[in-house]
Amino acid sequence: MNTRSLILALTMAAAPAMADDRALLIGIDDYSRLDNAPSLNGAVGDTQRMAEALTSALGFQPETIVTLTDSAATYDAVLTGVIDRLVGETAPGDRVVFYFAGHGTTLADGTPALLAHDADSVLGKIPVTVLSDMFDLIADREVTVILDTGFDGGPIGARGVADAVASAAPQFGGQTALWTATSPGQFAWEDVDRGAFTDAFTDVLITGEDDATELTNADLLRAVSTRLAAWCDTSPGCAASGRGFQPQFSGDGTRVVRVFDTVDDPEPQLDPLVADDGAPASYKETLGFVTDLFAPSNDARLTLAINGGDSLRVGNTVSFTATSERPGTLLLLDVAPTGDLAQVYPSALVAEGGTQLSPGQPLTIPNALGANGRPLRIRVTEPVGQGLLLGLFIEGDLPRLTGLMPAGISGGPVPNAGQSLFEISQRLLALEADPDTPIAWSATYLPYRIQR
């Protein structure tokens, strides 16, 4: 029995263990075992972006998603995942997603194939025909295959190894919805630390199109194609190749992928900020700036909470929790009872890579561990009185957000919080109005009181 026949026999023998949606996400950056395949930079991170899109946009539960990356994504592991998870644990009508980010190639007989981590071995190349045969056996599921790879090779910065020239795009039978990052003859480019296709695909899936109430496969293809065409025009490698960047879709274009909530939820209402009678004038002035400049801007539904309540005692420790309904980066500022402004987050107490907020996922601050392995906490100190936490959130990268801050604030508090916050708000508004690099930002605040 040849390898392909053996795989099909194992697949047919796998009985459904439970009915549920299932996703298998493969991301491989490390191709050090292959001489002709440079390592990639964004495939592993792309599995995280895809998992976020599946959970936040399509309602997949985290436990229904299996991710295999780098050395864990061998030929055997990938096919076992398909057999055990996607075939064996689903029932008619369930949603099944197979996602691959990494190098692809074309075999000598013209068959497109995916390169597993052990692609240097005899069985390290996975012909897409093998996957197609497997998914044909579960044609009564709602199967989606997403391939962020190329089959024609390409320069550094693109996904794909050219063993032979691809004559046609991969094909899957039945009702399988198949997404491929490129058309034949094109390169599947990476955008620094992510696949350009996956970045556009997941972003459209999460945010939708303008005021559309639903998103079909055809809508998704059109929006992703538009974004990739614009990206290619401004990306030196893609533009110089002269080949374009056009994703492909085969399947039912009218199928609705996502329905968006059309009810306009009111933004969280914030209590008016009122200073104590004995508060310094600078603090009262700061509250006025915060109320007027930041309170109306919270489209991301950013929330802050002080774990244990907003009445703090000197000497105790404290931590905070932040949530949002959109992905982005958080900055947390503290207006002390003295009227000074300090940057609470990010700081040295931030775990590596821990400045990002994911939709609906609470973020605890601080989020790093001490030498004893226990979570770090912030200790409450003098002076006593009324203070304020201000959260700023940007749907973009951390450098752009921290670049808004007053000089020297990362080294400790700066005086005159009101003036600093006014300047920050003006910079945010200027970036928001910039036609070249517009940003979307949100803000919220939370008063607290320190007592002995």
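Data overview
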| quantity | calculated |
| --- | --- |
| Distance (nanometres) between label positions extended 7 Å along Cα→Cβ at A305 and E382 | 3.3 |
| Nitroxide proxy distance, nm - points 7 Å out along Cα→Cβ at R313 and R452 | 1.4 |
| Counting DSSP beta bridges with both ends in segment 3-259, the antiparallel % (nearest 5) | 40 |
| Cβ-defined net charge surrounding A119, 10 Å radius [Lys, Arg +1; Asp, Glu -1] | 0 |
| log₁₀ of I(q)/I(0) at q = 0.13 Å⁻¹ - segment 3-259, Debye sum with one point per alpha carbon | -0.76 |
| Exposure proxy order (Cβ contacts within 10 Å, fewest to most) of H103, H117 | H117, H103 |
| Whether segment 122-247 is rounded, prolate or oblate, judged on the alpha carbon gyration tensor where a/c under 1.5 counts as rounded | oblate |
| DSSP bridge orientation in segment 43-161 - percent antiparallel, rounded to nearest 5 | 45 |
| Cα point-scatterer Debye curve for segment 85-169, base-10 log of I(q)/I(0) at q = 0.11, 0.13, 0.15, 0.23 Å⁻¹ | -0.33, -0.46, -0.59, -1.09 |
| FRET efficiency for R222 and R427, using Cβ-Cβ distance with R0 set to 35 Å, rounded to 0.05 | 0.50 |
| Ranking of M50, M134 by count of other Cβ atoms within 10 Å, fewest first | M134, M50 |
| Share of Cα-Cα pairs in segment 10-145 lying beyond 18 Å, as whole percent | 53 |
| Per-residue Cβ neighbour rank within 10 angstrom, fewest leading, T64, T381, T144 | T381, T64, T144 |
| Length added when fully stretched, D109-R33, from 0.36 nm per residue minus Cα-Cα | 25.0 nm |
| Local electrostatic count at T202 - Lys and Arg +1, Asp and Glu -1, tallied over other residues with Cβ under 9 Å | -3 |
| Stokes-Einstein translational diffusion, segment 71-118 - Kirkwood Rh over all Cα pairs, 1.306 mPa s, 10 °C, in µm²/s | 129 |
| Pairwise centroid distance, computed over Cα atoms, of segment 203-246 with segment 96-128, Å | 25 |
| Pair T234, S71: separation of 7 Å Cα→Cβ label points (nm) | 3.9 |
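Read-outs throughout are calculated quantities, based only on the coordinates presented, and are distinct from any laboratory measurement. Quantities reported herein were computed from a predicted structural model and do not represent experimental measurements. Note: ideal-geometry Cβ built from the backbone for every residue, glycine included; neighbour counts use all protein chains shown.
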